[in-house]
Amino acid sequence: MRDSSVGVGGTGGSCDSRRWAVEVMGCPRCGGALAGLRASKSCDSLGRTCDEPGMRMPRWAVEVLSCPRCGGALAGLGTTAAVVRCRTCGPFPVLGGVPVLVPEPARWCATFYDAALSALAEAGSVTSEAVETLRAFADAAPGADAARFSDDWTSAEATGARTPALTRGPASDALDELLEVAAHQSPALWLQHRAPEGVVLEVGCGAGLTASRLASRRRSLLVGDTSLRAVLNTSKHSRAVGVVLDAQALPVRARSLDGLVAENVIDLLDDPEAFFTAAARALDAAGTLLVSSPAPGLQDPDEDDAALARLAQRCGFTVKDRADGLPWLRQNSSRFLEVWLVQALALSPGNPPVTRASGRARRQR
Ligand SMILES: C[S@@+](CC[C@H](N)C(=O)[O-])C[C@H]1O[C@@H](n2cnc3c(N)ncnc32)[C@H](O)[C@@H]1O
Ligand SMILES: [Zn+2]
């Protein structure tokens, strides 16, 4: 017998036990179907791979993710619960199956209330449980200014669709050559080729193009962004495990990552140093941090293009590999092409490993 006391999005019950309610409910005025009214999606339909029945995320991800404030364990993570809870810092919401692991979850919910609702609706994940959870957190941070997510994707980036052909004219030959070079020398490819195997987190994932390239059987991929829309979009297309996060307070356990990727996001942060400090804590000693930026002076008029590498080194990183002037093209329409020249760094935390040659040289001194 069905448990008719379970409402749409109510706690408990499997996804299927709630779907009947979606089928029963209709518009109170005309009786018609209600678009966007859905039961919580099963883990498969959210694009996550689950290794245990009833779990929303694989065991490895549950073991890696932690409280963004104290680094402690999160009870309820990976289950269908509407919140996860740090014993010391309190609850964090889970929206559309995505944990919102930012240091101030109430402020995030109040600031992005409308933006989060729209993102959930677009993903078909609006449930009364999600709305109630969002509302309850937002109510705890009165007075926050509303903001949108900073999703500035071109339509091709958002959908993976082919970019429209550029309008032909006197610049066509030069632009064709530029497009050809950019296809083979983009910052995304540079980062992808240097990404390690194992547990990798991409922060500031945006529309998710790089995450789709990073997805591989040899990688356990986490994707994070302050934008819930970005996380929902990316995890759907890449089958990565998604989390809303702040790159300046990474919600992962110390030494839990083999790789951390931050493509074109570091110059947008209020405190890039906090990101490097969090990255140094999160990465395994043999791990790799991959960063790229179209503004390696970090938006500081007093800094030059070496500022990014200098900051990384101050935070204990060693530059393993670097490139500059990599073309990042964003085609907005058949007449509007953005061209950014990007700097990319591959960094290792701590001191460089002692190679045989350098070890010998040191002993001889
Ligand atoms: C310019 S987009 C880059 C997207 C993608 N990495 C790329 O290169 O196409 C910057 C992304 O960083 C995200 N972002 C900005 N501040 C962030 C923060 N503090 N923590 C995590 N993500 C952030 C934005 O929401 C946005 O999706
Ligand atoms: Zn905590």
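A short reminder: the numbers here are calculations on the coordinates, not readings from a lab. Because the structure is predicted, anything quoted here is derived from the model rather than measured. Reconstructed Cβ throughout: ideal geometry from the backbone, glycine too, with neighbour counts over all protein chains shown.
Details
- For the stretch 115-214, pairs of C-alpha atoms spaced more than 17 angstrom apart make up 71 percent of the total.
- Packing-based ranking of 331-343, 82-94 yields 82-94, 331-343, ordered from highest to lowest mean Cβ neighbour count within 10 Å.
- 3J(HN,Hα) couplings calculated from phi for the stretch 267-283 with the Karplus curve 6.51 cos²θ - 1.76 cosθ + 1.60 (θ = phi - 60°) are, in sequence order, 6, 8, 7, 5, 9, x, 4, 4, 5, 5, 5, 5, 5, 4, 6, 6, 7 Hz; Gly and Pro show x.
- Oblate is the label for the stretch 234-282. Its Cα gyration tensor axes, ordered a ≥ b ≥ c, give a/c of at least 1.5 and b/c at or above a/b.
- Those residues of the stretch 304-337 whose amide nitrogen sits under 20 Å from the label point placed on Ala174, 7 Å along Cα→Cβ: 325-337
- Each residue of the stretch 229-236 was assigned a 3J(HN,Hα) from its phi angle through the Karplus curve 6.51 cos²θ - 1.76 cosθ + 1.60 (θ = phi - 60°); the sequence is 4, 4, 5, 4, 5, 5, 5, 5 Hz, with glycine and proline shown as x.
- Long-range amide H partners of Thr288 with built H, under 5 Å: Gly259, Leu260
- Computed extension gain for Ser118 through Ser155, at 0.36 nm per residue and net of the alpha carbon distance, reaches 11.6 nm.
- Förster radius 22 Å - calculated FRET efficiency between Glu303 and Leu189, Cβ distance, rounded to 0.05: 0.20
- Simple point charges give the picture: +1 on the Cβ of Lys and Arg, -1 on the Cβ of Asp and Glu, and for the stretch 146-301 a dipole about the Cα centre of about 820 debye.
- Ala140/Ala75 FRET efficiency (R0 22 Å; Cβ-Cβ; nearest 0.05): 0.70
- Couplings 3J(HN,Hα) of the stretch 192-208, computed from phi: 4, 5, 9, 6, x, 7, x, 8, 10, 10, 9, 9, x, 5, x, 6, x Hz, in residue order, whole Hz [Karplus 6.51 cos²θ - 1.76 cosθ + 1.60, θ = phi - 60°; x for Gly and Pro].
- Multiplying the residue separation of Gln313 and Val131 by 0.36 nm and removing their Cα-Cα distance gives an extension gain of 61.2 nm.
- A Förster radius of 30 Å combined with the Cβ-Cβ distance from Val181 to Ala274 puts the calculated FRET efficiency at roughly 0.30.
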